[in-house]
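All remarks here apply to the structure that follows.
Read-outs: derived from the displayed coordinates by stated rules, not from any lab. Just so it is clear, the model here is predicted, and its values are computed rather than measured. FYI the Cβ positions are ideal-geometry reconstructions off the backbone, even for glycines, and counts take in every protein chain you see.
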Amino acid sequence: MSELIRLSPPLSEADVISLKAGDKVLVSGTIYTGRDAAHKRIVETLAEGGTPPFPLEGAVIFYVGPSPPPPGRVIGAAGPTTSYRMDAYAPTLMEKGLRAMIGKGKRNDEVKQAMAKYKSVYLAAIGGAGALMARCIKEAEVIAYPELGPEAVRRLVVEDMPLFVVNDVHGGDLYQQGRQAYARR
Amino acid sequence: MSSVRTVEVSAIADTVARLCGEADLYLPEDVRQALTQAQADEPSPVGREVLERLLENADIAADEKMPICQDCGLAIIFIDVGQDVHLTGGDLSEAINEGVRRGYAENYLRKSSCHPFSRVNTGDNTPAIIHTRIVPGDKVKLWVVPKGGGAENMSKVYLLTPAVGLAGVKKAIMDTVEAAGPNPCPPVILGVAVGGTFEQAAVAAKRTLLRKLDSVNPDPEAAVLEKELLEEVNKLGIGPAGLGGGTTCLKVFVELIPCHIASLPVAVNMQCHAARHKEAVL
């Protein structure tokens, strides 16, 4: 485990190459949200030669479907959703420049290979800590697919969002390493 | 001859609405205590940090009236209706759905119910999933259990061959937890039913999740199995948030049910650490 590493999107290839599975990072700046329904539409848009709802080069995407903002708040609870549901779409986005994905749970081999090939990392937020995560979110605005409700694409401005590097571009995998360190059977 | 007591379904709607809010905003005390104990016992520094964050999250949720988790769940309702109760004033199921509608709107909870193919959201988190029992007495008991998708997706029903026996049942349960890994938001709670039929096992597994984490199973055979399974699961090393550690599971609940001579059903309902449920008696 290392000291905290600060990241501010858009991220460069150099920003993510230096990251290692197990590193703790704090993300500050603009990131975008998307779950399965939004990913499906973005990938369809790209296939048709269209423009995605946000610039993918250097982008960080957060797999989240927040709860509605209570009065006086910019967003409701906003913890990560399970990432494997985005596995079918993630390589296409990485090919177009996506540099980091924030979620929770395992990725498949195709996604891990694409991360190494296109230089992109997978960061985990603590699942089920939605009220805590909301405190890091300073601005939230729906920028695409409002009809998807909680699954709409939002632009978020975040400050010091605490995350763990799970999969790095070198094949490191914190889920495997962490488990191996503590397995007793 | 016992008298019949009248309960207005509007009172049930009001209670469901209140319990939806309470369940999604306030982590039950037994879960909080289990997380606190786990933090003291957890060997992994990262694991301890995760558990600390989860406790902090529960405090923030309660203080700021924010949901514990953005996945405010589908609304699972268990209702025990006393056989001496006469429900009046409307349709019971509709009253429960009305309660869910209001509870989710008034407390700014996420609505997560959608059409299976179009994925169009129903907009109000209905229909509720309602499990009704008729029981002795003149009371109505209600439990509201918001169930998130992440842990539910990792749940399994197995229809095993009786020849595999206890060892085969244990293997199925361990395989379920191992395959799920970090996905269901560990530390998890496992609701396990062994026996019954296909649907009975699944519902019974979910119903075990209503138990308190510090409760002791009155069935001594099930109690032993609960203890053994908890120890084995916590040897997997998955740990808090799946980042490695000794706390993969807070509690295993087991119910044993007689089954067909040809069958050995096993249902494993995964519950994330945000084990939300609130109850009330009318």
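Here are the numbers:
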read-out: Members of the range A:51-76 found to be under 26 Å from B:M66 (Cβ atoms), surrounded by fewer than 17 Cβ atoms within 10 Å (Cβ to Cβ) and more than 11 Å from chain B (Cβ to nearest Cβ), listed by number; value: A:V74
read-out: Scan of the range A:135-151 for residues that are under 15 Å from the mean Cα position of the chain (by Cα) and either outside any strand (DSSP E or B) or more than 14 Å from chain B (Cβ to nearest Cβ) (or both), ordered by number; value: A:C136, A:E151
read-out: Filtered residue count, the range A:77-106, keeping only those that are on the phi < 0 side of the Ramachandran plot, within 14 Å of another protein chain (Cβ to nearest Cβ) and crowded, with 22+ Cβ neighbours inside 10 Å; value: 12
read-out: Verdict on B:L209 being closer than 14 Å to B:A275 by Cβ and away from chain A (no Cβ under 14 Å); value: yes
read-out: Among the candidates B:L87, B:L19, residue that is closer than 30 Å to B:K139 by Cα, in contact with a strand residue (DSSP E or B) (Cβ under 7 Å, 6 or more places away or on another chain) and surrounded by fewer than 18 Cβ atoms within 10 Å (Cβ to Cβ); value: B:L87
read-out: Selection count, the range B:241-268, where residues are at the interface with chain A (Cβ under 8 Å from one of its Cβ atoms) and either surrounded by 24 or more Cβ atoms within 10 Å (Cβ to Cβ) or within 20 Å of the chain's Cα centre (by Cα) (or both); value: 5
read-out: Residue in the range B:146-153 that is touching a Pro at 6+ places or on another chain (Cβ under 9 Å), of a type in the set (S, T, N, Q) and farther than 30 Å from A:A78 by Cα present; value: no
read-out: Counted residues, the range B:156-193 - those being away from chain A (no Cβ under 12 Å), small (G, A, S) and either under 16 Å from A:Y84 (Cβ atoms) or not in a helix (DSSP H, G or I) (or both); value: 2
read-out: Some residue of the range B:65-81 being surrounded by fewer than 16 Cβ atoms within 10 Å (Cβ to Cβ), more than 8 Å from chain A (Cβ to nearest Cβ), not β-branched (V, I, T) and not in a helix (DSSP H, G or I); value: no
read-out: Condition check for B:G137: assigned to a helix (DSSP H, G or I) and touching a residue at least 24 places away in the same chain (Cβ under 8 Å); value: no
